[in-house]
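Colleague: Let me give you the structure first, and then I'll get to my questions.
Only the coordinates and a few stated rules stand behind these numbers; no lab work does. Since the structure is predicted, the reported quantities are computational estimates derived from the model, not experimental observations. All Cβ positions, even for glycine, are placed from backbone atoms using ideal geometry, and neighbour counts span all protein chains on display.
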Amino acid sequence: MSKTSDLPVLDLNHLSKMTMGDAGLAAEVIAIFQEQAAMWGRLLSAKEPAPTWADAAHTLKGSALGIGAIRLARYCERAETLGRSGTATPVQAAVALDDVRAALGEALEAAAAAAHKFAVSSDFSASKASNS
């Protein structure tokens, strides 16, 4: 099993498959991801009740998987599991949520770069786009 940090920030092969190579659709999916990140990202705080940040991590996990942000999805899954366990210490929560926020920042940056590529192209394929 690979380390989470070795997983791709944004798997453009996955995104291409999910959108059938349609750059416009890929841009829409990325925009939805960006909206979800803005909405739920602010709840990724150990100061919030565990069920709140676990729900935020769960929602971001699904959105991340939709665009191929595999690393972010894995960190979200870990945080969600920890938050739902009922046994998370404040330090464990802070570390897990720091990992999620760092991966979210990377995914947002990679998604913005991909969206820019799609804006200048009518379609894309994984062979045209580079994975981050």
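Colleague: Only helices at least 20 Å long along their axis, Cα-based, and averaging 0.0 or more on Kyte-Doolittle count here, so list those DSSP H runs from the chain.
Modeller: Those that clear 20 Å and a mean of 0.0 are 23-41, 50-67, 90-119.
Colleague: If the only charges are +1 at each Lys and Arg Cβ and -1 at each Asp and Glu Cβ, what is the size of the charge dipole of segment 8-119 around the Cα centre, to the nearest 20 debye?
Modeller: Computed charge dipole of segment 8-119: roughly 160 debye.
Colleague: Would you please give the FRET efficiency between Val120 and Lys47, computed as 1/(1 + (r/R0)^6) with r the Cβ-Cβ distance and R0 = 25 Å, to the nearest 0.05?
Modeller: It comes out at approximately 0.05.
Colleague: Using Cα centres only, tell me the gap between segment 85-118 and segment 1-61 in whole Å.
Modeller: The two parts, judged by their Cα centres, are 8 Å apart.
Colleague: Still on this model: With each label point set 7 Å from Cα along the Cα-Cβ vector, what nm distance links Lys17 and Thr87?
Modeller: 3.5
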